[in-house]
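Accompanying notes for the structure given below.
The values are calculated or read from the model by the stated rules, or taken from the named source; none is laboratory data. A quick note: this is a predicted structure, and the numbers were derived from the prediction, not measured. Heads up, the Cβs are rebuilt from the backbone with ideal geometry, glycines too, and the neighbour counts pull from every protein chain shown. Protein only, heavy atoms only, side chains kept; ligands, DNA and RNA dropped before computing areas. Shrake-Rupley method; radii C 1.70, N 1.55, O 1.52, S 1.80 Å.
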Amino acid sequence: MIERRDDHWVWIGGPVPPGSAAVTIGPLVSVRRRAASNERLLRHEREHVAQWRRYGIVGFLVRYVGAYVRWRLRGFGHWAAYRRIPLEIEAEWTARQAR
């Protein structure tokens, strides 16, 4: 099921990478059914929508993937590198601010 929410779309039950609850590509948030009611997660993903708009496709991917690769090259594992991506830190901080 795909729903329109303000300035983006949410695809409940859409494809999501293994180990993740949701993924955002541009204005589309794909979320697992079991996570669809998690408001903090949806705020986190909504911030990624804003980041995609702010930086554009290339700018977002360069920042996101570039940061991940730099941390991996420094010897951090997948999850440790992921948690250090500035765009992830910003999205999580934003999600936790709203109540």
**Item:** Subset of region 50-60 [open to solvent by 20 Å² or more (accessible area, probe 1.4 Å), in contact (Cβ under 8 Å) with a residue 12 or more places away in the chain and under 12 Å from the mean Cα position of the chain (by Cα)]
**Value:** Trp52
**Fill in**
Note on region 65-91: residues surrounded by 16 or more Cβ atoms within 10 Å (Cβ to Cβ) and part of a helix (DSSP H, G or I) are Ala67, Tyr68, Trp71, Ala81, Tyr82, Leu87, Glu88, Ala91
**Item:** Looking only at region 21-48, and only at residues there that are touching a residue at least 12 places away in the same chain (Cβ under 8 Å) and among the hydroxyl-bearing types (Ser, Thr, Tyr), the one that is nearest to Val65 (Cα to Cα)
**Value:** Thr24
**Prompt:** How many residues does region 22-34 hold that are buried (at least 16 other Cβ atoms within 10 Å of the Cβ) and out of contact with any Phe, Trp or Tyr (no Cβ under 9 Å at 6 or more places or on another chain)?
**Reply:** 3
**Request:** Scan (1) exposed (fewer than 12 other Cβ atoms within 10 Å of the Cβ); (2) part of a loop (DSSP other than H, G, I, E, B) for the single condition Arg4 breaks and write down its number.
**Result:** (2)
**Message:** Cβ-Cβ distance below 6 Å, separation of 6 or more or different chains: which pairs start in region 73-99 with a residue that is on the phi > 0 side of the Ramachandran plot and end on one that is of a type outside the set (Val, Ile, Thr) and open to solvent by less than 90 Å² (accessible area, probe 1.4 Å)?
**Reply:** none
**Message:** I'm checking my understanding of the structure. Among residues of region 35-49 that are assigned to a helix (DSSP H, G or I) and over 10 Å from the mean Cα position of the chain (by Cα), which one is surrounded by the most Cβ atoms within 10 Å (Cβ to Cβ)?
**Reply:** Ala35
